[in-house]
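Engineer: To start, I am sharing the structure in question, which I have written as structure tokens.
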Amino acid sequence: MSEAAQINAQVLGAKATAEIAGNEFLAFTLGKEEYGIDILKVQEIRGYEAVTRIANAPEFVKGVVNLRGIIVPIVDMRIKFNLGEPTYDQFTVVIILNIGGRVMGMVVDSVSDVITLSAEQIKPAPEMGTAFNTDYLIGLGTLDERMLILIDIDKLMSSAEMGLIEKIAA
């Protein structure tokens, strides 16, 4: 079983128990930082494959892929967050998200695991010079020596600057 398939199986297993436990996050890396998003927003994880470019799309929109008959826009978060020139290797993955019924993909450097955090392990995000507006942060998750930047993926993907989906009612 490939690493992406194993993580995908882990995601599906985590989804089944997430309703009971809550606060489960898919951990992924962008550059040297580790981020987390709500596991319930993740539909699947795929290896990176070539996309079809769309003319006049913003640079961070890599293009679209045909995912079992659904045309899915693919956003490269490394470009979006200005994390240097992205490289595409065997660890590069696309996290397929389902946000408000809209399917989209985001390219990240790698996916590591699913982490359960208690409310005490999630600290408020300080105002700092992060790569993106802190409005899109849930907080900082701490687990032993690890620190995850927890992203409110609903807000980020529905933001005006992304322009991918209409704003989701809170």
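Engineer: Which residue pairs have Cβ atoms under 9 Å apart, sit 6 or more places apart or on different chains, and have a first residue in the range 88-105 that is touching a residue at least 60 places away in the same chain (Cβ under 8 Å) and a second that is assigned to a loop (DSSP other than H, G, I, E, B) and open to solvent by 70 Å² or more (accessible area, probe 1.4 Å)?
Structural biologist: From the range 88-105, the pairs are GLY100/GLU166; GLY100/ALA169; ARG102/GLU166.
Engineer: Now, a different point. Taking ALA4, is it at pLDDT below 90, in contact with a strand residue (DSSP E or B) (Cβ under 9 Å, 6 or more places away or on another chain) and not charged (D, E, K, R)?
Structural biologist: Spelling it out, ALA4 is indeed at pLDDT below 90, in contact with a strand residue (DSSP E or B) (Cβ under 9 Å, 6 or more places away or on another chain) and not charged (D, E, K, R).
Engineer: Restricting the search to the range 22-64, which residues are polar (S, T, N, Q) and loosely packed, with under 13 Cβ neighbours inside 10 Å?
Structural biologist: THR52, ASN56
Engineer: On the basis of being closer than 17 Å to TYR136 by Cβ, of a type in the set (Gly, Ala, Ser), at pLDDT below 95 and part of a loop (DSSP other than H, G, I, E, B), does ALA55 make the cut?
Structural biologist: So ALA55 does not fit the description; no.
Engineer: Now for a separate question. Looking only at the range 65-86, which residues are at pLDDT 90 or above and surrounded by fewer than 16 Cβ atoms within 10 Å (Cβ to Cβ)?
Structural biologist: ASN66, ARG68, GLY69, ILE70, ILE71
Engineer: Okay, moving on. Output the number of residues of the range 87-124 satisfying the condition of being open to solvent by 20 Å² or more (accessible area, probe 1.4 Å) and in contact with a Lys or Arg (Cβ under 8 Å, 6 or more places away or on another chain).
Structural biologist: 2
The values are calculated or read from the model by the stated rules, or taken from the named source; none is laboratory data. The structure displayed is predicted, hence computed values, not measured ones. In this analysis, Cβ positions are derived from the backbone assuming ideal geometry, glycine residues included, and neighbour counts consider all displayed protein chains. With ligands, DNA and RNA removed, areas are computed over all heavy atoms of the protein, side chains included. Shrake-Rupley method; radii C 1.70, N 1.55, O 1.52, S 1.80 Å.
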